[in-house]
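Enquirer: The structure's right below; bear with me while I get my questions together.
The values are calculated or read from the model by the stated rules, or taken from the named source; none is laboratory data. Here the structure is a predicted model, which is why all the values come from computation and not from measurement. FYI the Cβ positions are ideal-geometry reconstructions off the backbone, even for glycines, and counts take in every protein chain you see.
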Ligand SMILES: [Zn+2]
């Protein structure tokens, strides 16, 4: 079996991207007294070992949203304080229905089989499946709620919370003014998912439009986005692309079309670097 490891890349002084086999990213930010983790990956492979290569300081976890591919590795840090927006409460638990056998590892298995061949075709699915922890660890956790405008002080670093609903109700971005990096999770990256609304109602598109407007108004406070999937850093101009795309969809000057690609299907529209699955079925 090929020896697979999480890939660690330093993206700014004291800030690293941890790529979980190109399936999902977490980010580590080191301060004087601790290490802040933005998200905790899907929990495939040994995240604790990876994080300890970066720093042995106490860990605090800031979740961008409550999807299992971003918090599945929480079990590695039972001592960590965890922060999340309360509007996502119970969301990853409700996704257990996607697990073929109703187990946590069943969901990790599903994730590898569907995302692996698209996101990391260079790795054999069997090699990735072999990294699923045998003890079937849960990712349920208790957390401290964050709200829009909060500044979280952890480990000697300060991160500002920006509530950015759309992908999920409780999605947030974390702004690190010191580095000029916006940790954008699944709120803004190469390909954004908004679940299909009954009757193709555009309410969620409107909500996401308000989110990207909010992010673009703050754009003098950051230079780049550290994204949750498919790459590491993106120029902040992508936020403007999503703003223009959502404006166009709402005004009717842009219309998308139904597509099926890889593991994704639904109505999709594109502009510049932005790709929005705005009525997404899967
Ligand atoms: Zn997500």
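Enquirer: Do you know which residues across the stretch 182-201 are away from the ligand (no atom under 11 Å from the Cβ) and surrounded by 24 or more Cβ atoms within 10 Å (Cβ to Cβ)?
Expert: If the condition is that a residue be away from the ligand (no atom under 11 Å from the Cβ) and surrounded by 24 or more Cβ atoms within 10 Å (Cβ to Cβ), then 182, 183, 184, 188 are the ones that fit.
Enquirer: Return yes or no: is residue 178 away from the ligand (no atom under 14 Å from the Cβ) and part of a loop (DSSP other than H, G, I, E, B)?
Expert: Working: away from the ligand (no atom under 14 Å from the Cβ): yes; part of a loop (DSSP other than H, G, I, E, B): yes.
Here the answer is yes, as residue 178 does meet what is asked.
Enquirer: Out of the stretch 130-147, which residues are out of contact with any helix residue (DSSP H, G or I) (no Cβ under 9 Å at 6 or more places or on another chain) and either under 14 Å from residue 84 (Cα atoms) or within 16 Å of the ligand (Cβ to nearest atom) (or both)?
Expert: Of everything in the stretch 130-147, those that are out of contact with any helix residue (DSSP H, G or I) (no Cβ under 9 Å at 6 or more places or on another chain) and either under 14 Å from residue 84 (Cα atoms) or within 16 Å of the ligand (Cβ to nearest atom) (or both) turn out to be 142, 144.
Enquirer: Of everything in the stretch 210-238, what is within 21 Å of residue 23 (Cα to Cα) and touching a helix residue (DSSP H, G or I) at 6+ places or on another chain (Cβ under 6 Å)? Give them in sequence order.
Expert: Passing the criteria: none in range.
Enquirer: Select from the stretch 153-173 the residues that are on the phi < 0 side of the Ramachandran plot and within 15 Å of the ligand (Cβ to nearest atom) and list them in ascending order.
Expert: 164, 165, 167, 168, 169, 170, 171, 172, 173
Enquirer: Go through the stretch 38-60 and count every residue that is more than 16 Å from the ligand (Cβ to nearest atom), in contact with a helix residue (DSSP H, G or I) (Cβ under 7 Å, 6 or more places away or on another chain) and closer than 23 Å to residue 178 by Cα.
Expert: Of the residues in that region, 1 qualify.
Enquirer: Within the stretch 254-281, which residues are in contact with a helix residue (DSSP H, G or I) (Cβ under 9 Å, 6 or more places away or on another chain) and free of Cβ contacts under 8 Å to residues at least 40 places away in the same chain?
Expert: Of everything in the stretch 254-281, those that are in contact with a helix residue (DSSP H, G or I) (Cβ under 9 Å, 6 or more places away or on another chain) and free of Cβ contacts under 8 Å to residues at least 40 places away in the same chain turn out to be 254, 255, 256, 261, 269, 270, 271, 272.
Enquirer: Within the stretch 116-129, does at least one residue satisfy the condition of being part of a loop (DSSP other than H, G, I, E, B), touching a residue at least 40 places away in the same chain (Cβ under 8 Å) and farther than 24 Å from residue 183 by Cβ?
Expert: Within the stretch 116-129, one or more residues are part of a loop (DSSP other than H, G, I, E, B), touching a residue at least 40 places away in the same chain (Cβ under 8 Å) and farther than 24 Å from residue 183 by Cβ.
Enquirer: For the stretch 94-125, which residues satisfy the criterion of being out of contact with any helix residue (DSSP H, G or I) (no Cβ under 9 Å at 6 or more places or on another chain) and surrounded by 13 or more Cβ atoms within 10 Å (Cβ to Cβ)?
Expert: 105, 114, 118, 119
Enquirer: I'd like the residue in the stretch 222-235 that is part of a loop (DSSP other than H, G, I, E, B) and buried (at least 21 other Cβ atoms within 10 Å of the Cβ) and, out of all such residues, is nearest to the ligand (Cβ to nearest atom).
Expert: Restricting to residues being part of a loop (DSSP other than H, G, I, E, B) and buried (at least 21 other Cβ atoms within 10 Å of the Cβ), the top hit is 228.
Enquirer: Search the stretch 78-97 for residues that are over 20 Å from residue 108 (Cα atoms) and pair each with any residue that is part of a helix (DSSP H, G or I) and modelled with pLDDT of 95 or more when their beta-carbon atoms are under 7 Å apart and the residues are at least 6 apart or on different chains.
Expert: The qualifying pairs are 82/74.
Enquirer: Which of the following residues is within 20 Å of residue 91 (Cβ to Cβ) and touching a residue at least 24 places away in the same chain (Cβ under 8 Å): 207, 214? If you could, list the steps in order and put the result at the bottom.
Expert: Numbers: 214 fails: within 20 Å of residue 91 (Cβ to Cβ).
Answer to the selection: 207.
Enquirer: Here is a further query. From the set of residues in the stretch 67-87 that are within 22 Å of residue 98 (Cα to Cα) and in a helix (DSSP H, G or I), which is farthest from the ligand (Cβ to nearest atom)?
Expert: 75
Enquirer: Shifting gears a bit: Just to be sure I understand, how many residues within the stretch 258-270 are over 14 Å from residue 194 (Cα atoms) and out of contact with any strand residue (DSSP E or B) (no Cβ under 7 Å at 6 or more places or on another chain)?
Expert: Adding up the residues that qualify gives 4.
Enquirer: Please name all residue pairs, on different chains or six or more residues apart, with Cβ atoms under 7 Å, provided the first residue is in the stretch 175-200 and is within 17 Å of residue 240 (Cα to Cα) and without any contact (Cβ under 8 Å) to a residue 60 or more places away in the chain and the second residue is part of a loop (DSSP other than H, G, I, E, B) and within 13 Å of the ligand (Cβ to nearest atom).
Expert: The qualifying pairs are 189/228; 189/229; 189/230.
Enquirer: Could you tell me whether residue 245 is modelled with pLDDT of 95 or more, assigned to a strand (DSSP E or B) and in contact with a strand residue (DSSP E or B) (Cβ under 9 Å, 6 or more places away or on another chain)?
Expert: Against the criterion (modelled with pLDDT of 95 or more, assigned to a strand (DSSP E or B) and in contact with a strand residue (DSSP E or B) (Cβ under 9 Å, 6 or more places away or on another chain)), residue 245 does not qualify.
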